[in-house]
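Notes follow the structure.
The values are calculated or read from the model by the stated rules, or taken from the named source; none is laboratory data. Predicted, not measured: the structure shown is a model, and the values here were computed from it. Glycine also receives a Cβ, built like all others from the backbone with ideal geometry; neighbour counts cover every protein chain displayed. The protein model used for the area step is the full one, side chains on, heavy atoms only, and it has no ligands, DNA or RNA in it. Shrake-Rupley method; radii C 1.70, N 1.55, O 1.52, S 1.80 Å.
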Amino acid sequence: MTTFSAIAPGTDLSRYARELTRMHDAVIGGARSPMRPRPLVSRSWQRVLDAGLDPTGTNERSRLPVAEIERRRRASALSAVIGDLEQVITPVADASHLLLVVTDADGVILWRSGSAPIRSRADALGFQEGTVWTESTVGTNAIGTALAEAAPVQLFSGEHFETTQHPWYCTAAPIHDPIRGDLLGIVDVSGPALTLHPAIIALVDTAVRLAEAQLWRRHEVRLERLRTEAAPLLSSTRGPVLLVDEDGWVAHASGIAAERVAVPRHARPLTVPGMGLCVPERLSHGWLIRGAASSSRMRMVLHVSSSPTVEVFGDDDSWHSIVTARQAEILLLLHERGPDGMTVAALSRALYGDDDHAVSVRAEVSRLRRAIGDVIESKPYRLAPTVDLSLDLGADERLADSEFVRRSGAPGVRALGVYR
């Protein structure tokens, strides 16, 4: 996570803060400056200027009522781990003058923890529970920019758009649901700018990893409960069988090896390598998947179009699954790379142009597995050897000619159009 650090080791924070403030005033004011903002900051400032925000800090804060804050807390999966996050921060909060802030996926601050003096300073900014802390409301800040960039962000002093935020640093990273891959919210650690320490990045990283690990443990408990409830049925079932939860994660497997299948739906067939085309059977808290070991391979076709789909073929039938453009790009890149696969960093560069989006890559792959099953292996990412994937380009004769490739924002996908 060190690639997004706002400061280099040994930086004179006081001097650097003054330099950034002068750069901010010049660049935002349209004047020339010998110092240029980092690319991430430049992109964010441009988005904020396009939105018409005022850099003096007079932008109106939007704060939700208490009842809505409580409703969002109850609905958030992070409510189960907020106590663990606070335990990471609380021991050092008072001595380090820092503030822990946790938002939901909309950028609404749901929880805040820190000493009374630092919370009072944050109140003066409107940096409090219920406030919408996105770029479009308060300008360039770690929370809003992490949401916009789908990546961890650290900002220091004059890198913030609003001058009233210049006395602060902020370090934020997205938290994703390790089961579904969905964005749950943002963890942010903020404090007075001149107290920024390189260890803050590691602190935020630890908080995110802890939260996602705790969510995964709760998931494992649910799988164990599902196995216990289905034990009588499983004992009387012969042949290959899978017991899966609502998200397709395998709680029990017999006669077949699988970690995850596509999310089961009522009366919709799905294909599992080694089992062929199966119709999931509904249980009270999951699904039972049975089938004859008729096919050890899965044949898939990626229909490359403006609305990409994946078609999966069984021995006697087939089914379609709609995928997002980003998911289609991942499949296309892995198909082109072949058995060598791609590391997380390589896939981040191919999709986003840098190494800083590893979190987003992992989340996108998780969502793709949820849509079409456990067909992608990890370390490195590559198509499973039992999967035969082909491309359907429609009316286009070459991949380079397809509108999908030409309009893609992923550098690695656009390159396919150059070299094919």
- Pair list, Cβ under 7 Å, 6 or more apart: the range 216-239 residue among the aromatic types (F, W, Y), other residue outside any helix (DSSP H, G or I) and surrounded by 14 or more Cβ atoms within 10 Å (Cβ to Cβ): W216/P178
- Residue count for the range 82-109, restricted to those that are within 22 Å of L196 (Cβ to Cβ) and in a helix (DSSP H, G or I): 11
- Query: Residues R73, R112: which one is among the basic types (K, R), in the same structural domain as G191 (by the TED database), under 20 Å from A173 (Cα atoms) and assigned to a strand (DSSP E or B)?
  - Reply: R112
- S136 being in the same structural domain as G83 (by the TED database) and open to solvent by 10 Å² or more (accessible area, probe 1.4 Å): yes
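Sort out which residues of the range 137-161 are of a type outside the set (A, V, I, L, M, F, W, C) and assigned to a loop (DSSP other than H, G, I, E, B), and write them in order of number.
Keep residues of the range 137-161 that are of a type outside the set (A, V, I, L, M, F, W, C), which gives 137, 139-141, 144-145, 149, 152, 154, 157-160.
Result: G139, T140, N141, P152, H160.
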- If L242 satisfies every condition in (1) closer than 16 Å to M300 by Cβ; (2) in a strand (DSSP E or B) but one, which is the exception? (1)
- Item | Hits in the range 401-412 - residues which are more than 23 Å from the chain's Cα centre (by Cα), under 20 Å from G353 (Cβ atoms) and open to solvent by less than 20 Å² (accessible area, probe 1.4 Å) | V405
- strands (runs of 3 or more DSSP E) enclosed by the range 271-323 - at least 2 residues per element that are modelled with pLDDT of 85 or more and surrounded by 17 or more Cβ atoms within 10 Å (Cβ to Cβ): 287-290, 298-303
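Quick grid of which residues meet (1) modelled with pLDDT of 85 or more; (2) under 18 Å from the mean Cα position of the chain (by Cα); (3) over 20 Å from R299 (Cβ atoms); (4) open to solvent by 50 Å² or more (accessible area, probe 1.4 Å):
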| residue | (1), (2), (3), (4) |
| --- | --- |
| G338 | yes, no, no, no |
| L347 | yes, yes, yes, no |
| V361 | yes, yes, yes, no |
| S366 | yes, yes, yes, no |
| S378 | yes, yes, yes, yes |
| D388 | yes, no, no, yes |
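A quick yes/no check of all residues on (1) in the same structural domain as R121 (by the TED database); (2) modelled with pLDDT of 95 or more; (3) under 12 Å from the mean Cα position of the chain (by Cα); (4) in a loop (DSSP other than H, G, I, E, B):
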site: A172; (1), (2), (3), (4): yes, yes, no, no
site: R180; (1), (2), (3), (4): yes, no, yes, yes
site: L184; (1), (2), (3), (4): yes, yes, yes, no
site: D188; (1), (2), (3), (4): yes, yes, no, no
site: I200; (1), (2), (3), (4): yes, no, no, no
- Among residues belonging to the range 77-128 that are within 19 Å of N141 (Cβ to Cβ) and of a type in the set (D, E, K, R), point out the one that is least open to solvent (accessible area, probe 1.4 Å). D104
- Restricting the range 142-196 to residues that are of a type in the set (D, E, K, R) and open to solvent by 10 Å² or more (accessible area, probe 1.4 Å), which is farthest from A211 (Cα to Cα)? E149
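Restricting attention to the range 117-136, does a residue exist that is touching a Gly at 6+ places or on another chain (Cβ under 7 Å) and either assigned to a strand (DSSP E or B) or modelled with pLDDT under 95 (or both)? Steps first, answer last, please.
Taking the range 117-136 and keeping what is touching a Gly at 6+ places or on another chain (Cβ under 7 Å), we get 118, 132-135.
With either assigned to a strand (DSSP E or B) or modelled with pLDDT under 95 (or both) added as a condition, the list becomes 118, 132.
Yes, the range 117-136 has at least one match.
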- Query: Mind checking which residues of the range 47-69 are out of contact with any helix residue (DSSP H, G or I) (no Cβ under 7 Å at 6 or more places or on another chain), assigned to a helix (DSSP H, G or I) and surrounded by 12 or more Cβ atoms within 10 Å (Cβ to Cβ)?
  - Reply: L49, E68, I69
